[in-house]
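Worksheet for the structure shown next.
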Amino acid sequence: MADSILVIKLGALGDVIQALGPMAAIRAHHSQARIMALTAKAFAPLIAASPYADEVWIDARPAFWNLGGIARLRTRLRAGNFSRVYDLQTSDRSSFYFRLFPSRARPQWSGIARGCSHPHANPARDRMHTIDRQADQLAIAGIARVPPPDIAWLRADIARFALPRPFGLLIPGGSARRPEKRWPAARYGELAKKLAGRGLTPVVIGLPEEAPLATEIAAICPTVRDLTGQTSLAEIAALARAAAVAVGNDTGPMHLSAVVGCHSVVLFSAASDPALCAPRGARVTVLRRADLAALPAIEVAATLPAA
């Protein structure tokens, strides 16, 4: 009977993208195993489309006081008969899931849960970039080679958008709970005018609730195309493959852009550290200001490829 392996990666989008390399490594190492992935509902379609998991389970993330929800999760985890678990989330929540297995029959566990079989005990782990940290974690668990994230399998037809070429992507949104991570929309408007001046059509993408940002940008640069609320993750990846450049905040879609090889300019404030979480790639530029409002559009424009 084939081994059963569980991979835990709950979110967020950028973290899920950066975990795809480790997931590929786990798939290669356990080539004959049945691999389950436990993730948040928002990322289940992405992981299901990948070649790295045979089945995707959605974690309802029951509150710790929700005894019924915890009991249902415990039953499901135990029924999986897992021989090994790779906790790529390594949070308090995912480490708690280790305790849901019977103490005398726990699977091998790679993570930071107290008492697990393959602890990532590197004292520098919290100072490591996500990609390096997860590679180090897997090395301890016996997986020596971890490739960079690859989403060549994530494809979509973007003909329906009928975008004139060349175009540049603008990603002005991000976590609504972390507004300090956003470059002001007015600055994106100024940058959009500079893109248009170079013959590029500025294209704004984002969540439906980020449409007001696109409206503010379009008020400054009327040639902007607003695709907020209209794109799937696969379509964002396809748009990035076709774009001349992508400029955005520290947010998930910029990881998609970087992975597909688009010239990507990622803007960081003091709210997050690019040394720990920035997208990686040969064509990635990181710009940082403690307060992103202090970053002028002309400085961002200076990083763009020549027309």
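For region 32-43, name all the residues that are hydrophobic (A, V, I, L, M, F, W, C), within 18 Å of Ser91 (Cβ to Cβ) and surrounded by fewer than 21 Cβ atoms within 10 Å (Cβ to Cβ).
Result: Ala40, Ala42.
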Failed item in (1) farther than 20 Å from Tyr52 by Cα; (2) touching an Asp or Glu at 6+ places or on another chain (Cβ under 7 Å), with Cys116 passing the rest: (2)
Single condition Gly14 does not satisfy, out of (1) in contact with a His (Cβ under 8 Å, 6 or more places away or on another chain); (2) outside any helix (DSSP H, G or I): (2)
Which numbered condition trips up Gly281, out of (1) crowded, with 18+ Cβ neighbours inside 10 Å; (2) at pLDDT 95 or above; (3) assigned to a loop (DSSP other than H, G, I, E, B)? (2)
Go through region 116-136 and count every residue that is touching a Gly at 6+ places or on another chain (Cβ under 9 Å) and touching a residue at least 60 places away in the same chain (Cβ under 8 Å). 4
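Does Ala60 satisfy being among the hydrophobic types (A, V, I, L, M, F, W, C) and buried (at least 20 other Cβ atoms within 10 Å of the Cβ)? Even if it seems obvious, please write down each step before you answer.
Values: among the hydrophobic types (A, V, I, L, M, F, W, C): yes; buried (at least 20 other Cβ atoms within 10 Å of the Cβ): no.
Here the answer is no, as Ala60 does not meet what is asked.
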Output the residue which, of all residues in region 278-307 that are in contact with a Gly (Cβ under 9 Å, 6 or more places away or on another chain) and not hydrophobic (A, V, I, L, M, F, W, C), is nearest to Arg127 (Cα to Cα). Pro279
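The values are calculated or read from the model by the stated rules, or taken from the named source; none is laboratory data. Source: prediction; values computed, not measured. Neighbour counts run over all protein chains shown; Cβ positions are idealised from the backbone, glycine included.
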